[in-house]
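Some notes on the structure that comes next.
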Amino acid sequence: MTASVKLIDMMGDEAFIVQVARLSHKSEGNPESDKRLLKQLVKRGHTTPLEFVQMVFDVDCPVFVERQLIRHRTGTFMEKSLRHTTEEPRFYMPDKWRGTVADQTQATILVQRTYDHISHCYRRLLEWGVVPEQARIVLPLATYTQLNWRVDAHNLINGFLRQRLDKAAQQETREYAQAVAEIVKDKLPVVWAATLAKWG
Ligand SMILES: Cc1cc2nc3c(=O)[nH]c(=O)nc-3n(C[C@H](O)[C@H](O)[C@H](O)COP(=O)(O)OP(=O)(O)OC[C@H]3O[C@@H](n4cnc5c(N)ncnc54)[C@H](O)[C@@H]3O)c2cc1C
């Protein structure tokens, strides 16, 4: 699966986390002490300064992944409405079926046929004048949806990423978490390295 996650906006960075954290001490820093401070914040779980960084992602994912994302209530989500859009639905097809599957191809063919039938049915309903909000009832959990997701760095890292990078999380959702983690690593490198060190 290609997990499509783009960072479309961000408020704050590691320098801002340091600035917020130093408010309680009124102290001045330098690059080395700033780095140490960031590491200490993460190590000791002093998480409030991380909440001052907000990240906004554009996510293109199947509905079954989206259902898991939106369980993280500290985020704010805006999802494309299938009540009002009628574009051709796209469906997720696994590269590999997990479990005790003797014939991978057979499973793929069956599912592809099902998707073709669903697409046909959806199109027909719209052609017959059914409103999109009703025609969409035939669309499965594999249908791709698009959402914008705003979340602060603390809840993103210590909530979403901690839970969804874990082996216990659904593999497809984990792939989205890995794509998010790459962005966090790029934008908040010291915080991310300290987090990985803390998680062990
Ligand atoms: C491996 C795995 C399996 C799961 N299986 C299931 C399942 O079978 N069925 C199912 O329904 N869910 C399931 N979940 C979802 C899970 O129960 C959580 O709802 C989800 O992971 C969000 O976690 P959270 O509540 O910590 O995150 P958030 O909602 O982001 O909350 C973050 C923190 O804020 C607190 N918080 C946020 N909002 C409130 C509020 N309104 N009141 C009180 N505290 C609040 C939370 O307690 C939490 O500490 C699963 C999750 C995982 C990772």
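Going through the stretch 55-87 one residue at a time, which ones are among the polar types (S, T, N, Q), within 16 Å of the ligand (Cβ to nearest atom) and free of Cβ contacts under 8 Å to residues at least 24 places away in the same chain?
Result: no residue meets the conditions.
Going by the conditions given, is residue 162 within 27 Å of residue 17 (Cβ to Cβ) and among the charged types (D, E, K, R)?
Answer is yes for this residue.
Determine which single condition residue 147 fails, assuming it passes every other condition in (1) touching a strand residue (DSSP E or B) at 6+ places or on another chain (Cβ under 8 Å); (2) within 16 Å of the ligand (Cβ to nearest atom); (3) assigned to a helix (DSSP H, G or I).
Failing condition for residue 147: (3).
Checking residue 172 against (1) farther than 28 Å from residue 34 by Cα; (2) away from the ligand (no atom under 16 Å from the Cβ); (3) assigned to a helix (DSSP H, G or I), only one condition comes out false. Which one?
(2)
May I ask you to list the residues in the stretch 105-127 that are over 22 Å from residue 137 (Cα atoms) and either at pLDDT below 95 or surrounded by fewer than 11 Cβ atoms within 10 Å (Cβ to Cβ) (or both)?
105
Scan the stretch 77-94 for residues that are more than 22 Å from residue 138 (Cβ to Cβ) and surrounded by 13 or more Cβ atoms within 10 Å (Cβ to Cβ) and jot them down.
77
Given the residues 181, 142, which is the only one that is within 20 Å of the chain's Cα centre (by Cα) and under 22 Å from residue 52 (Cβ atoms)?
Just a single option satisfies the conditions, and that option is 181.
The values are calculated or read from the model by the stated rules, or taken from the named source; none is laboratory data. Predicted model only: the values in this text are computed from it and were never measured. Here the Cβ is made from the backbone with ideal geometry for all residues, glycine too, and neighbour counts use every protein chain on show.
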